[in-house]
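Working notes for the structure below.
The values are calculated or read from the model by the stated rules, or taken from the named source; none is laboratory data. Just so we're clear, the structure is a prediction, and the values are computed from it rather than from any experiment. Ideal geometry is used to build each Cβ from the backbone, glycine not excepted, and the neighbour counts take in all protein chains shown.
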Amino acid sequence: MRKVQRPVNLSKGPDEQLLGNIRLRISRRDTSICKLLAESEYHADLGARSLIAAADKIKKLLVKEYLSIDEEITEGGHMTEFMIDVSGDEVVVNKVPEKNTMRVGRKL
């Protein structure tokens with residue numbers, strides 16, 4: 001998941017990275033997230049290796065949410081935050097709304 005923190009790089013070749021500038025957070029209900037992922041993806045005969053499927057599930061959810069943003073993918077963009085959370089009995093990934101940061105000008 002560290003790869004998604006790297007900046008977007010649109011140059012063709014081995015350095016190309018279309019999914020980037022992402023800060024991924026886990027909600028305070030992280031134990032619920034782990035429990036749901038373990039229940040749905042863990043298989044005793046495969047052991048911990050089966051949890052790779054849980055990580056893949058998170059990756060797919062993140063990519064789906066990232067691509068749902070109606071903006072062109074560009075280099076030099078700002079970091080976008082996404083939150084892994086639980087909704088009902090499902091693990092979800094949602095974009096965190098940007099804080100409204102207005103600059104207040106000084107009066108002369």
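If I ask for residues that are touching a residue at least 12 places away in the same chain (Cβ under 8 Å) and not charged (D, E, K, R), which ones from region 34-54 would you list?
Leu36, Leu37, Ala38, Ser40, Tyr42, Leu51, Ala53, Ala54
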Legend entry - Pick from region 3-32, criterion farther than 22 Å from Ile69 by Cβ and surrounded by 12 or more Cβ atoms within 10 Å (Cβ to Cβ), ranking: modelled with the highest pLDDT: Ser32
Inset, instruction - Output the number of the condition that Ala53 fails; it satisfies all remaining conditions of (1) of a type outside the set (Asp, Glu); (2) over 16 Å from Asp85 (Cβ atoms); (3) not in a helix (DSSP H, G or I). - result: (3)
Inset, instruction - Can you tell me which residue within region 70-108, out of those that are modelled with pLDDT under 85 and surrounded by 11 or more Cβ atoms within 10 Å (Cβ to Cβ), is nearest to Ile22 (Cα to Cα)? - result: Gly77
Inset, instruction - Check whether at least one residue in region 15-33 is of a type in the set (A, V, I, L, M, F, W, C), part of a helix (DSSP H, G or I) and touching a residue at least 12 places away in the same chain (Cβ under 8 Å), and report yes or no. - result: yes
Inset, instruction - Tally the residues that are of a type in the set (Val, Ile, Thr) and either outside any strand (DSSP E or B) or more than 25 Å from Ala54 (Cβ to Cβ) (or both), restricting the search to region 67-100. - result: 4
